[in-house]
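Notes for the one structure printed next.
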Amino acid sequence: MSESYMIKVEKLNKSFGDLHVLKDIDITVKESDVVCLIGASGSGKSTLLRCLNFLELKDSGNIIFEGEKVEKETHDLNKVREKVGMVFQHFHLFPHMTVLENVMEAPLHVKKLSKDQVKKEAQELLRKVGLSDKENVYPSKLSGGQKQRVAIARALAMKPDIMLFDEPTSALDPELVGEVLSTMKELAEEGMTMVVVTHEMGFAKEVADWAVYMHDGRIVEVGHPEDLFNNPKEERTKNFLDSVL
Ligand code: ADP
Ligand code: MG
């Protein structure tokens with residue numbers, strides 16, 4: 001890659017009708033960075049992630065991905081999206097497919113790779129997330145933590161260059177949060193570039209290179225997690241942290 005950053009966002013703006021949701025967002029994510037996005041509900045975190053994945057289209061500004069300014073007029077967004085894995089709060093597994101089939105689906109049908117190869121890689125990914133014994137099980141038989149680990153394996157199956165996580169543990173029972181966070185931590189340690197919307201401040205402190213605080217559609221403060229959590233510079237960051245810590 002010619003550029004040192006994986007994603008550079010410049011002056012990104014996005015509205016839904018009259019509602020201005022993202023306001024002049026500037027953010028840079030370098031290769032192997034883990035960025036945690038924090039902020040109150042409604043501050044625009046999910047919309048920002050969805051713009052990074054081109055699930056939402058920006059109104060103005062630039063999204064430069066791996067050195068290329070991506071525009072819907074000039075790029076096949078489906079192709080770009082293959083490089084950007086996404087994990088949601090509510091898993092979104094295919095209920096009528098087994099765990100293995102869920103992980104094989106995208107590489108098999110989108111990338112049109114051979115079934116043998118895709119199966120081998122899917123099995124490897126399930127081993128990695130600790131679910132080899134669940135290959136032939138349907139999602140309804142899994143715990144929330146297991147479902148989320150399948151969702152992570154499924155996203156990884158497309159060999160993305162970056163993984164986006166939108167509150168991946170918010171829907172889980174407290175006792176199942178740890179297994180998902182430790183899977184994410186392993187991924188980070190392997191050098192995966194990650195942007196994670198999370199309320200898990202412990203995870204952010206331990207794993208993230210950067211913490212980004214959003215308020216009302218703007219990035220208010222960016223810092224190393226320890227600095228941002230212990231010594232917020234902005235009053236709004238301080239108030240938010242007081243409310244969640
Ligand atoms: P967060 O993830 O930080 O809670 P969101 O990005 O989901 O925030 O939402 C930011 C604001 O945009 C909220 O007011 C929300 O209601 C609004 N919003 C999000 N998606 C849409 C949409 N598709 N249509 C209209 N309004 C939306
Ligand atoms: Mg959200």
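The values are calculated or read from the model by the stated rules, or taken from the named source; none is laboratory data. Keep in mind that what you see is a predicted model, and the values were worked out from it rather than measured. Don't worry about glycine lacking a Cβ; one is built from the backbone with ideal geometry, like all the others, and counts go over all protein chains shown. The protein model used for the area step is the full one, side chains on, heavy atoms only, and it has no ligands, DNA or RNA in it. Shrake-Rupley method; radii C 1.70, N 1.55, O 1.52, S 1.80 Å.
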For the range 35-75, the count of residues that are within 9 Å of ligand 2 (Cβ to nearest atom), among the polar types (S, T, N, Q) and touching a residue at least 12 places away in the same chain (Cβ under 8 Å) equals 3
Please find, within the range 189-240, the residue that is farthest from ligand 1 (Cβ to nearest atom) out of those that are in contact (Cβ under 8 Å) with a residue 40 or more places away in the chain, in contact with a Phe, Trp or Tyr (Cβ under 9 Å, 6 or more places away or on another chain) and more than 21 Å from residue 51 (Cβ to Cβ).
225
So residue 113 passes all but one of these: (1) more than 16 Å from ligand 1 (Cβ to nearest atom); (2) open to solvent by less than 30 Å² (accessible area, probe 1.4 Å). Which condition number does it fail?
(2)
Of all residues making up the range 4-36, the number that are away from ligand 1 (no atom under 16 Å from the Cβ) and open to solvent by 70 Å² or more (accessible area, probe 1.4 Å):
5
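Here is a yes/no grid of residues against (1) surrounded by 14 or more Cβ atoms within 10 Å (Cβ to Cβ); (2) under 17 Å from the mean Cα position of the chain (by Cα); (3) over 30 Å from residue 12 (Cα atoms); (4) within 16 Å of ligand 1 (Cβ to nearest atom):
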position: 38; (1), (2), (3), (4): yes, yes, no, yes
position: 46; (1), (2), (3), (4): yes, yes, no, yes
position: 58; (1), (2), (3), (4): yes, no, no, yes
position: 69; (1), (2), (3), (4): no, no, no, no
position: 83; (1), (2), (3), (4): yes, yes, no, no
position: 86; (1), (2), (3), (4): yes, yes, no, yes
position: 97; (1), (2), (3), (4): yes, no, yes, no
position: 106; (1), (2), (3), (4): yes, no, no, no
position: 126; (1), (2), (3), (4): yes, no, yes, no
Subset of the range 190-225, residues open to solvent by 30 Å² or more (accessible area, probe 1.4 Å), more than 19 Å from residue 27 (Cα to Cα) and in contact with a Lys or Arg (Cβ under 8 Å, 6 or more places away or on another chain), comes to 206
Where the second residue is polar (S, T, N, Q) and assigned to a helix (DSSP H, G or I) and the first is farther than 13 Å from residue 156 by Cβ and lies in the range 111-133, which pairs have Cβ atoms under 9 Å and are six or more apart or on separate chains?
130/146; 130/183; 132/123
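In the range 134-145, what residues are touching a residue at least 24 places away in the same chain (Cβ under 8 Å), loosely packed, with under 13 Cβ neighbours inside 10 Å and part of a helix (DSSP H, G or I)?
Within the range 134-145, 140 is the sole residue that qualifies.
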Hand me the list of strands (runs of 3 or more DSSP E) wholly inside the range 151-224 holding 1 or more residues that are under 13 Å from the mean Cα position of the chain (by Cα).
162-166, 193-197
